[in-house]
Amino acid sequence: MTTLTFIGAGNMATSIIGGLIEQGYDANLITACDPQTQSLSQIQTTFAINTSTDNIAACKACDVIILAVKPQILKTVVLALKPALEQRQELPLIISIAAGISAQQIQQWLEKPIAIVRCMPNTPSLVQKGASGLYANAETNQQQKDIAQTLLQAVGYTTWVDDEALIDAVTAVSGSGPAYFFLFMEAMIEAGIKQGLDQESATKLTLQTALGAATLAQASDVSVDELRRRVTSAGGTTEQAIKHFEQSGLREIVEGAMLDCAERSKAMAKEFN
Ligand SMILES: NC(=O)c1ccc[n+]([C@@H]2O[C@H](COP(=O)([O-])OP(=O)(O)OC[C@H]3O[C@@H](n4cnc5c(N)ncnc54)[C@H](OP(=O)(O)O)[C@@H]3O)[C@@H](O)[C@H]2O)c1
């Protein structure tokens, strides 16, 4: 009977709510807040949850507050909630999915020790194929960690990190990761078209190959490098392509891109705090 209040009813909140409802979570226990009455009425019609344009009223008695607004406005949103939280006997668990803002920063805004779980989900959460990294601050108890895990598991895979700094690495791997694969798919589609395939065939072959490779890798009990070796017969076609990637420094490019991503995540924390 854990009551949940989502602050922000955009893409990520909607996907988490959708996942929870699909798993049988009681819609009466969920409230979504947003200034957009249009988004609220859509989410209300789809999931039959409670909705409100009043963040403060919706946070007066709930067990969990999920901060699902853009990082740029998180400080304003949290500061506005502070008086309501100060009046509460028992503090709620705060779950933040905002990129770049640390649990410690949210605690400083609230000026009191409070259980905070910081999560980094990704966009495939929209189709319940997400991957999220979670970090709990010292004030969070096991029951609260379980609640956070249930929420994020509703939209995919979850893993915990003990050190909040590792959320930057999670951002570099899975938070931004979908875009890397989209870029690679874009490049494959364009190259396929240049070799004479029509747009539709090049797109469908690429997407199905990406899906097939990920599904095979997940189902397999061997590592991805072993799977790659098994497709790469000596003197064959794949070997030529792999050689080209390796000689062009693909691994270094990926490593550099992910370092830049993690650095940006750290810099964002400074910008928005
Ligand atoms: N999408 C991703 O891939 C992804 C991945 C990891 C983490 N995240 C994080 O998830 C968070 C939400 O992202 P999103 O993609 O769901 O964004 P979104 O679709 O823009 O949703 C945010 C919602 O919050 C609403 N909002 C604005 N001010 C508010 C206020 N004062 N009180 C309540 N709601 C308010 C927005 O309304 P308006 O449109 O009117 O402003 C919007 O409907 C972000 O912090 C982002 O960093 C996203």
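Laid out as a table, the results:
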item: Yes/no for residue 125 being near the ligand (Cβ under 9 Å from one of its atoms), among the polar types (S, T, N, Q) and either touching a Cys at 6+ places or on another chain (Cβ under 8 Å) or part of a strand (DSSP E or B) (or both); result: no
item: Members of region 218-252 found to be of a type in the set (A, V, I, L, M) and modelled with pLDDT of 95 or more, listed by number; result: 219, 222, 224, 227, 241, 242, 250
item: Residue satisfying all of: in region 45-59; of a type outside the set (D, E, K, R) and within 14 Å of the ligand (Cβ to nearest atom); least open to solvent (accessible area, probe 1.4 Å) among these; result: 59
item: Residues of region 140-175 classified as part of a helix (DSSP H, G or I) and not polar (S, T, N, Q), total; result: 14
item: Residue among 183, 197, 205 that alone is outside the structural domain of residue 141 (by TED's automatic domain parsing), surrounded by fewer than 17 Cβ atoms within 10 Å (Cβ to Cβ), at negative phi and not in a helix (DSSP H, G or I); result: 197
item: Residues located in region 80-110, provided they are hydrophobic (A, V, I, L, M, F, W, C), touching a helix residue (DSSP H, G or I) at 6+ places or on another chain (Cβ under 8 Å) and part of a helix (DSSP H, G or I); result: 80, 81, 84, 85, 106, 109, 110
item: Hits in region 66-86 - residues which are within 14 Å of the ligand (Cβ to nearest atom), of a type in the set (A, V, I, L, M) and more than 17 Å from the chain's Cα centre (by Cα); result: 73, 77, 78, 79, 80, 81, 84
item: Residue count, region 60-79 (criterion: open to solvent by less than 70 Å² (accessible area, probe 1.4 Å), among the hydrophobic types (A, V, I, L, M, F, W, C) and in a helix (DSSP H, G or I)); result: 3
item: Number of positions in region 87-109 that are within 16 Å of the ligand (Cβ to nearest atom) and either basic (Lys, Arg) or open to solvent by 10 Å² or more (accessible area, probe 1.4 Å) (or both); result: 5
item: Filter result for residue 38 (within 12 Å of the ligand (Cβ to nearest atom), in contact (Cβ under 8 Å) with a residue 60 or more places away in the chain and assigned by TED's automatic domain parsing to the domain that holds residue 133); result: no
item: Residues (over 19 Å from residue 23 (Cβ atoms), among the β-branched types (Val, Ile, Thr) and open to solvent by 30 Å² or more (accessible area, probe 1.4 Å)) located in region 110-153; result: 123
item: Region 73-91: number of residues that are closer than 23 Å to residue 145 by Cβ and in contact (Cβ under 8 Å) with a residue 60 or more places away in the chain; result: 2
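The values are calculated or read from the model by the stated rules, or taken from the named source; none is laboratory data. Treat the numbers as computed from the prediction; the structure is a model and nothing was measured. Here the Cβ is made from the backbone with ideal geometry for all residues, glycine too, and neighbour counts use every protein chain on show. Only protein heavy atoms, including side chains, enter the accessible area calculation; ligands, DNA and RNA are left aside. Shrake-Rupley method; radii C 1.70, N 1.55, O 1.52, S 1.80 Å.
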